[in-house]
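Report on the structure given below.
Quick note: the coordinates plus some simple rules give every number you see, no bench work behind them. The shown structure was predicted, so the numbers you read here are calculated from the model rather than taken from an experiment. Please note: Cβ atoms are built from the backbone with ideal geometry, for glycine as well, and neighbour counts cover all protein chains shown.
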Amino acid sequence: MKSFARFLALLALVLVIAPPAAYLAGMLNDESLMKTTMLAGTVLWFVAAPIWWREKPNA
């Protein structure tokens, strides 16, 4: 589960960083699509990152 959360968190970072870069480069022409993709990445980050960073409980 932790490795899947790590994958989702890293995917979320890509979803936050790539759309503005693509929009700036002219590869993405729809500003609302860029904002929606960034919002989805932000929500995914706040869900997946705490699971990824959670420490193992001491037994």
Would you calculate the separation in nanometres between label points at S3 and A21, each defined as 7 Å from the Cα along the Cα-to-beta-carbon direction?
2.6 nm
Set Lys and Arg Cβ to +1 and Asp and Glu Cβ to -1, take the dipole of the chain about its Cα centre, and tell me which of A40, A22, I51 lies farthest positive.
I51
Which order do peptides 25-37, 42-54 fall in by mean Cβ count within 10 Å, highest first?
42-54, 25-37
Name the long-range amide H neighbours of L28: under 5 Å, sequence gap of 5 or more, or other chain; modelled H, no Pro or chain starts.
Y23
Under the Karplus curve 6.51 cos²θ - 1.76 cosθ + 1.60, θ = phi - 60°, whole-Hz ³J(HN,Hα) for region 22-35, x wherever Gly or Pro sits
5, 5, 5, 7, x, 7, 10, 9, 9, 5, 5, 5, 4, 5
